[in-house]
Amino acid sequence: MILNEAKNIIDITNSSSIFNAKDFPSGYSDSSTYNKNWYKYQNHWYYFKDLITEDEVTSELLGSYVAKYLDLPTVNYQIAKLNGSYGLISEDLEVGKNIFKDFYFWRRRYTNFYEFLININQDFGDLLTLQFFKIALLNIYLDQKDFNTGSLLFKKVDNDLKLLGVLDFEKAMITRQSKLKLYSKLYTSNRFFSNQLEDIPYVLKDFPEFRKEIKKILNLDVLAFLNKIEQDYGIKMTSYLKNNCIDNEKIIKKEICNYVI
């Protein structure tokens with residue numbers, strides 16, 4: 001994949017960057033390593049990801065497309081150039097302040113995904129419960145290996161919690177050029193909940209309406225998504241990567257069916 005041949009490349013080489021969290025409107029992070037990746041372009045803040053491999057680029061783009069397919073808020077990527085390096089930029093999702101940054105400290109109160117969803121439903125209602133179920137499906141489908149504190153953004157609205165975005169998909173294993181059958185258990189590969197796939201049958205007993213989301217994942221066609229990405233961004237993926245994605249998707253869907261059908 002050659003990003004410099006893509007269409008509509010944004011050059012942020014001369015854009016101003018920040019190195020201190022207090023300079024950023026919402027003060028997202030205290031990490032200078034993280035903050036120096038923010039750039040102000042045409043009066044908007046963008047985060048630049050310098051992605052090296054075809055796997056990483058495809059993972060990020062595919063992850064955002066699948067998130068949108070599941071009606072989850074997520075980033076809108078554009079291909080960008082910075083000092084001769086090519087990568088992806090996404091506009092800041094954080095509107096105003098009151099950003100909830102402590103999801104993982106909060107999540108550690110729960111030992112399993114089912115218990116977590118039940119408590120989310122009691123505390124925040126049906127919408128956030130459904131969104132977390134979709135997030136679990138997204139991670140299972142992508143076989144996400146790097147789902148950490150920066151992968152979810154929330155905003156506190158009074159006593160409610162609003163999901164601003166799901167992001168950071170570069171370690172999705174569905175696109176990797178190594179077969180998923182090498183991994184013994186798909187559902188232990190991410191850090192959201194290690195038992196989320198095992199817990200889905202229990203979740204469906206309490207929330208049977210969620211079964212339609214599983215059908216939606218099982219109906220997903222990864223090749224159609226990859227072709228759409230190529231068309232939208234003007235890039236070309238190798239046939240090896242596409243075939244690998246198709247093979248890995250079959251493995252993932254079979255694993256899901258083993259638990260829920």
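Taken together, the values in this text are just the output of simple stated rules run on the coordinates, not laboratory data. Keep in mind it's a predicted model, so treat the numbers as computed, not measured. For neighbour counting, all protein chains shown are included, and Cβ atoms are generated from backbone atoms with ideal geometry for every residue, glycine included.
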Can you compute the modelled spin-label distance between Ile52 and Asp158, with each label point 7 Å from Cα toward Cβ, in nm? 4.9 nm
Taking 25 Å as R0, compute the FRET efficiency from the Cβ-Cβ separation of Asp11 and Lys228 and round it to 0.05. 0.50
Theoretical gain in end-to-end length, Asn4 to Asn219 [0.36 nm per residue, Cα-Cα removed]: 74.1 nm
At a Förster distance of 30 Å, what's the computed FRET efficiency of Asp247 paired with Asn76, Cβ-Cβ distance as r, to 0.05? 0.55
For the stretch 248-261, in residue order, the Karplus 3J(HN,Hα) values (coefficients 6.51, -1.76, 1.60; θ = phi - 60°; whole Hz; Gly and Pro = x) are 5, 4, 4, 5, 5, 5, 5, 5, 4, 4, 4, 9, 10, 10
Determine the gain in length on full extension of the stretch Tyr202-Lys254; use 0.36 nm per residue of separation and subtract their C-alpha separation, reporting nm with one decimal. 16.8 nm
The set of residues whose placed amide H lies less than 5 Å from the amide H of Ile10, leaving out same-chain residues fewer than 5 positions away, is Ile79, Ala80, Lys81
